[in-house]
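Notes for the one structure printed next.
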Amino acid sequence: MADDDRVALCVASFYADLAELLEQGAREALSEAGITRVDRFEVPGAFELPLISRYAAESGRYAAVVALGAVIRGETDHYTYVCSETARGLQDVQLNTGVPVGFGVLTVDSAEQARARVKGGTKRDSGRHAVEAALASLAVKRELSQRPRRAGFSA
């Protein structure tokens, strides 16, 4: 990555312990990629992540955005709406702005499943994976922007 790359971490703090572990994994991956300029923005829940991610992406300050948080299934339909709208909203941010957004939002049935998917868990480090995904998209964006374009029209 470029020396001047800056990344926005957008963190939903509803499950503070999970958010902290997701952020630890994300920051570790960013550091390993040589990215030291990281700004953190916090909101109460996952539903607010698309909006602050959009603010960050549209600011022009960030090469990539990483959204982190957790939604754990409860007894109502709330889970379904929050998960689907958060995912759709974050996808819209990257498609509408061209700024890669890493999806580090856990959508799980239980706290045990969530703990298995953060730094130190038994399944994977979803904070790390969200950073890796955003940086992979950024690398492709940059590669394609450096390739020469054909002149004229194509049929």
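Averaging sequence separations of C-alpha pairs under 8 Å and six or more residues apart, then dividing by the length of region 32-91, give the relative contact order as a whole percent.
Value for region 32-91: 39 percent.
Measure nothing fancy, just the Cα-based angle from helix 126-146's long axis to the longest principal axis of the chain, in degrees from 0 to 90, nearest 10.
10 degrees
Is any residue of region 23-52 close enough, with backbone N under 19 Å, to a label point placed 7 angstrom from the Cα of D77 along the Cα-Cβ axis, and if so, which?
Within reach of a label on D77: 47.
Which label belongs to the value computed from this structure, given these candidates for P(r) over Cα pairs in 10 Å bins from 0, in percent: [x] 10, 33, 35, 19, 3, 0; [y] 11, 43, 39, 6, 0; [z] 12, 41, 31, 11, 4, 1?
[z]
Note the full-extension length gain between A136 and S59 as 0.36 nm times their separation in residues minus their Cα-Cα distance, in nm to one decimal.
Here the answer is 25.6 nm.
What trypsin sites (Lys or Arg not before Pro) does region 25-96 have in DSSP loop regions with at most 13 other beta carbons within 10 Å?
In loop regions of region 25-96 (DSSP not H, G, I, E or B), the sparsely surrounded trypsin sites (Lys or Arg not before Pro) are R61.
Counting Lys and Arg as +1 and Asp and Glu as -1, what is the net charge of the other residues whose Cβ lies under 12 Å from the Cβ of V82?
So the surrounding residues net to -1.
What spacing in nm lies between the two simple spin-label points modelled at A111 and N96, each 7 Å away from Cα in the Cβ direction?
Result: 3.5 nm between the two label points.
Taken together, the values in this text are just the output of simple stated rules run on the coordinates, not laboratory data. Quick caveat, the model's predicted, so the values are computed rather than measured. Don't worry about glycine lacking a Cβ; one is built from the backbone with ideal geometry, like all the others, and counts go over all protein chains shown.
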